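The block underneath contains the structure these notes are about, expressed in structure tokens.
Values in this text are rule-based calculations from the coordinates and carry no lab data. Since the model is a prediction, treat every value here as computed from it, not as a measurement. As a convention, Cβ positions derive from the backbone with ideal geometry for all residues, glycine included, and neighbour counts pool all protein chains shown.
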Amino acid sequence: MSNSVIIKKKINRFKKIISVSGDKSISIRWVLFSSLANGISSAKNLLGSEDVIAALKAIKKLGIKSKLNRDHCKIYGKGFNGYEYKKNITIDAANSGTLGRLILGLLINTPYPIKLIGDKSLSKRDFKRISDPLSEFGAKFRLRKNKYLPLTIYGGSKLKKIKYVEAKGSAQCKSSVILGGMRSDGTSIIKAKKSRNHTEILCKHLNLPIKIETKKNYDEIKVSKVKNIKPINYNIPSDISSSAFFIALTALSDNSELKIRNVNINSSRIGMIHILRKMGVKIIFENQKLYKGEKIADIKIKSAKNLKSINCPKNLNSGAIDEFLVIFLVAAKAKGVSYFKGLSELNQKESPRLKWGAKILNKMGIKNISTNDSIKIFGNPNLIINNKIVIKDYLKDHRVFMTSVIAALSFGGEWKIHNKDSIKTSFPNFLKIISKLKND
């Protein structure tokens, strides 16, 4: 069976209501927190992706049972100190930076060495950025080339409080240190550049010993030792990052309209919404509500007739870091030159995404100038692609695959996009929803 997708024509106009899969960030955090809870936690709409399955397998290695039936999951927690540390444990984080980095914060007290491995893509990502602060607590690490997976963590018996400055805007690094602080004596202080805050929201919902002071450019987080976590029953909202592909597709399609139900619109995650609104896309939040500290809404989008270019404010970057590839597609159709800067973090993802963004635009015939942390996109509102385009060799980066599908459906041409299995890491239902929109 072919592992590639061929798309030969643009999508027809559509008017639909869809639901997308559960939020990946929250799904993985729910698994990790539930594994530490006293008793049985239950989740509905858990994302059934490879990244989340890897998290369930990881806690199983630590003696925690779970039952998964479609998108309903139960985890049988044994308390905050309930992990069964054994000799020769190897945990495979697969493609998931969130799992790989966060779980290390929980393992800093292991009495036996634990090996952490990942797939080819994850093994090229920087883990020194998390082993350095976790070492301050008293754990020790051995990394490949002092930076990469596989790594081995050696836990400390007396874990001390730390002060940590997170300057990159990485929620994964911040969250891992928060989890490490929960294992340590005293109160650890984290000064963190603004980034997604699902870990803090979940901690507050669970009444854990965490205090957050929000400053203009950073958050100051104080976290103390945790004694007990209560079970967490969670109806996981839909993922804004997965929704982003359909938001962009609707904006770029003719006379189309879409409603996406029950999406997490956490303010640290909706940078793309702010950016596209500035570019002239009509996006409305309906039925807004607060659920366990997270903002949820239905998102309604209409086709954009006259897209405007943007000089994108850097303060929107962290809230849109996973969505920039599809934002670049919208810029490709905008009138004028769009400029995005301060994006070096994009190249720390599953593939060097800023380079891939430029590569896809080049294949589409869109002039762009990129550096290692910026890109200028010379939009063409009349762009129609007639040539053949092949997308391959992109390190199994699900977002490169999905962005290419949106580009093909929006601009035409004949596309052959390899490695459709890449979507299993984050959004296995992606192509099914695309089919639903095409069959109007």
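Points to keep in mind about this one:
- Take the Cβ atoms of residue 84 and residue 128, set R0 to 25 Å, and the FRET efficiency comes out at 0.30.
- When you count the other C-beta atoms within 10 angstrom of each residue and take the mean per peptide, 67-80, 199-212 line up highest first as 199-212, 67-80.
- Packing here is the average count of other Cβ atoms within 10 Å per residue, and on that basis the peptides 277-284, 336-343, 174-181, highest first, run 174-181, 336-343, 277-284.
- Pairwise alpha-carbon distances in the stretch 47-204 exceed 26 Å for 22% of all pairs.
- Centre separation in Å (Cα based) which lies between the stretch 341-399 and the stretch 253-278: 21 Å
- Across 300/416; 230/396; 10/432; 349/376; 120/424, pairs whose alpha-carbon gap is larger than 25 Å: 300/416; 230/396
- The chain - charge dipole about Cα centre, Lys and Arg +1 at Cβ, Asp and Glu -1, debye rounded to 20: 200 debye
- Multiplying the residue separation of residue 185 and residue 213 by 0.36 nm and removing their Cα-Cα distance gives an extension gain of 8.0 nm.
- C-alpha center-to-center spacing [the stretch 4-33, the stretch 74-115] in angstrom: 29 Å
- Contour minus Cα-Cα distance for residue 17 and residue 72 (0.36 nm per residue): 17.5 nm
- Virtual paramagnetic centre 7 Å along Cα→Cβ of residue 38, amide N under 11 Å, in the stretch 51-80: 79-80
- Residues in the stretch 303-310 carry Karplus couplings, in order, of 3, 9, 7, 10, 7, 9, 5, 9 Hz; the curve used is 6.51 cos²θ - 1.76 cosθ + 1.60 with θ = phi - 60°, and Gly or Pro positions show x.
- The stretch 307-440: C-alpha gyration tensor shape, a/c 1.5 cut-off, then a/b vs b/c: oblate
- For the peptides 55-63, 213-221, residues were scored by their other Cβ atoms within 10 Å and the scores averaged per peptide; the highest-first order is 55-63, 213-221.
- Gain on full stretching of the segment that runs from residue 288 to residue 372 - 0.36 nm per residue minus C-alpha separation: 26.4 nm
- GNM flexibility winner over the chain from 287, 81, 233 (Cα, springs under 10 Å): 287
- With both labels modelled 7 Å from their Cα along Cα-to-Cβ, the residue 267 to residue 6 distance reads 5.0 nm.
- Using the Cβ-Cβ distance between residue 61 and residue 163 with R0 set to 41 Å, the FRET efficiency works out to roughly 0.85.
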